[in-house]
Amino acid sequence: MVASGQLVQAEAGLAKFLVASPENAEAATLLGIVYAQSNRPVEASERLERALRHDPRNAETLLWLAVVRKSQRRTDEAVQLLGEVKALQPENLEALNLLGICLIELGRAEEAETTFRSLIKLQPRTAAAYANLGMSLRLQNRGSDALEAFRSAVQMSPEHAGNFFQLFKQYQQLSRWEDAVSTLRSGLATHPGSGLLLEALAVALGRLGQSEEAEKIFQRIAQSSVTGANSYAIWLQEQGRFEDSVPVLHHSLKLQPLQGEAYRNLVEAKQFELNGKPILAKALRVLGDARLEDTARMQLSYALGKLHDRDGNYEQAMKAFDVANEIAYRTYPACKTFDPGHVAQEPDHAANAYTKRLLEEFRSPSIVEPGPIFIIGMIRSGTTLLDQIVSSHPNVTSVGEGTFWNVEADAIHARWRHSPLSQREIEDLADKYRASVGQPKGLFTDKMPLNYRHLGLIHLVFPGARILHIRRIPFDTCLSIYMTFFAGGPNFAYNQENIVTFYHSYLGYMEHWRQTLGQEVFYELDYEELVTNPESSTRSAIEFLGLPWDDACLHHDKNSEQVSTPSRWQARQQVYTTSTGKAVKYAKYCGALSQLAISL
């Protein structure tokens, strides 16, 4: 009856049998399975534990208890149980698959990779194993390897739309938007009604500048899909169309009142009323609903934090941000991959690898053009604002935030341990980079803040490239990170201790580049100076870039470039100073971040 899905009858029969035979481990296991399949984890756990007391080496019982533990978010315990199953039955495919999934959830990506490769060796044509392998490789930032895994999943199982979506996500992570669009069109040929793929296609087309087709798709899916409506609203905001996003978000709330994302995006658009009433009161009522899912509670808490901040209620704002970050930290597996010790050592590794002497020796005489303009700094330090200002110049375009150097640098440094780069490899890397950004004509900005980690490699490849480093008050920078929702995002963002560790690492990097890179290519400016004296600060930066002055740089709010970062609203506004000096308001309500208000 359990196998046939007749759970009610099975429960009654097994319960009756166990009254007569309370020590029967097989019956206890079967009743535990019934409870697990009926979404009754507490009762399932009790029965399965009782079964194990009588038969502690029963692989089926151990496996089902692991399933229950995972559903209870006791993932460490699930991994331990699955290890016991693996020891008893090394070729149990179900156990191996669940073990790999749990390891990903815990951020133990290398162990997950090993597990899924073992599964694939046992059953080479398992598409789900390749998809999960791709997830583990993605967590390790091994973009090319992950791409191959997701391709294999699509080839083996094109009937699953999710495989096309994950392949799209990998192309998205690698900023390969043309390939992303091609993948999605192929997926939609097989799954023409997939809202998941249609929404992804609209996003990808938007990034390619094919706005008309993107908007038609967004309008179509936004009518009946909450996620589609929210994605459409975000895209409109990225285009600078904040007012147009508001009715879309209102429609999203009509489709699903019990959510958080629409509230967060309304607040991002500086909309503080809903149907003529303050949004704060409505959001608080939704937050108090016990049916609200964790991810919705997370999004809503970010909105509430912003609303309390606007009202000057800083203690309540920080409490809301604490809730949002706590949920985000346990939701996104990447957060578990943060290694404070490794991050703290990174600047020393960079200093040892990229000495001033090495950079001079490797400098290519054949690469003489000025090269790209790299805008770098800590996340939330003003890089988006600076990018908007510089790319407002008629001689400059922006290619946005690319992932090229994050992906390439890790692979190159791993190989570098065995043999140094040749001059030919450096020039090939330059060609590969130009192709990745779409061969823009003339000068262009590449605004990936964390490229500061790779300035040595960047300077090897483009010794003529100009680097703009924007600094901001440490506490303001790190508090802004803590107040910002990045989705999966950087793995340090949702924990105050990790943010502080990462920030100190950033300072170490910048101290080395400051001593190593010449002043002819490396220029630093302060966010506070930029927003207080925008013209003089901007003129100095434009002069450093060797460009003639143009007044368009003082009107960055008119820049029509798409802004696909959390700063999409701020970047469209005239320069303002209200984001500076938050230490006095928030330091006493912070944990680890408060030390930045004093020590740096």
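Remarks
- Taking every DSSP helix (H) stretch of at least 4 residues in the chain, weighting each as -39,500 (n - 2.57) and dividing the sum by the residue count yields a mean residue ellipticity at 222 nm of -19000 deg cm²/dmol.
- Stretch gain in nm, segment N313-E360, where the contour uses 0.36 nm per residue and the Cα spacing is subtracted: 11.6 nm
- Extension gain for Q219 to E326 (0.36 nm times residue separation, less C-alpha to C-alpha distance): 35.1 nm.
- Axis of helix 314-331 versus longest Cα principal axis of the chain: the two differ by about 60°, to the nearest ten degrees.
- Fraction of beta bridges assigned by DSSP in the chain that are antiparallel (%, nearest 5): 10
- Annotation: the residues E261, E511, E77, sorted from fewest to most other C-beta atoms within 10 Å of their own C-beta, follow the order E511, E77, E261.
- Its relative contact order, with pairs defined as Cα atoms under 8 Å and 6+ residues apart, puts the chain at 11 percent.
- Long pairs among K254/K588; K270/K582; K277/K319; K169/K588; K216/K254, criterion Cα-Cα beyond 29 Å: K254/K588; K169/K588
- The distance between label points at E94 and H413 comes to 4.3 nm (points 7 Å beyond Cα on the Cα→Cβ vector).
- Counting Lys and Arg as +1 and Asp and Glu as -1 over every other residue whose Cβ lies under 12 Å from the Cβ of Q299, the net charge comes to -1.
- For Y314, neighbours were defined as the other residues whose beta-carbon sits under 13 Å from its Cβ, and their charges (Lys and Arg +1, Asp and Glu -1) total +2.
- For region 93-202, averaging the sequence separation of C-alpha pairs within contact (under 8 Å, six or more residues apart) and dividing by the residue count gives a relative contact order of 18 percent.
- Net +/- balance of residues flanking Q172 in space, Cβ distance below 14 Å, scoring K and R +1, D and E -1: 0
- Between the alpha-carbon centres of region 491-533 and region 320-340 there is a gap of 23 Å.
- For region 466-480, 3J(HN,Hα) per residue [Karplus equation, 6.51 cos²θ - 1.76 cosθ + 1.60, θ = phi - 60°, Hz, x = Gly/Pro]: 8, 10, 10, 10, 9, 10, 9, 3, x, 5, 4, 4, 6, 5, 4
- A crude spin-label estimate for the pair A12 and A87, with each label 7 Å from Cα along the Cβ direction, gives 4.2 nm.
- Reach of K306 by Cα under 18 Å, taken over aspartates and glutamates that are not fewer than 8 positions away in the same chain: E261, E268, E273, E315, D322, E326, D476
- Neighbour-count ranking [beta-carbon atoms within 10 angstrom, fewest first] of S175, S540, S21: S21, S540, S175
- Going from the residue with the fewest nearby Cβ atoms within 10 Å to the one with the most, I481, I327 rank I327, I481.
- Angle in degrees between helix 143-156 and the longest Cα principal axis of the chain, rounded to the nearest 10: 40
- Cβ-Cβ FRET estimate between Q595 and F486, R0 fixed at 22 Å, reported to 0.05: 0.45
- Length gained on full extension, S540 to E159, computed as 0.36 nm times the residue gap minus the Cα-Cα distance: 131.5 nm.
- Seen against the Cα atoms of the chain and their longest principal axis, helix 404-416 is set at about 80 degrees.
None of the figures in this text is laboratory data; all of them are computed from the coordinates on show. A quick note: this is a predicted structure, and the numbers were derived from the prediction, not measured. A quick note on method: Cβ atoms are made from the backbone with ideal geometry, for glycine too, and the neighbour counts reach across all protein chains shown.
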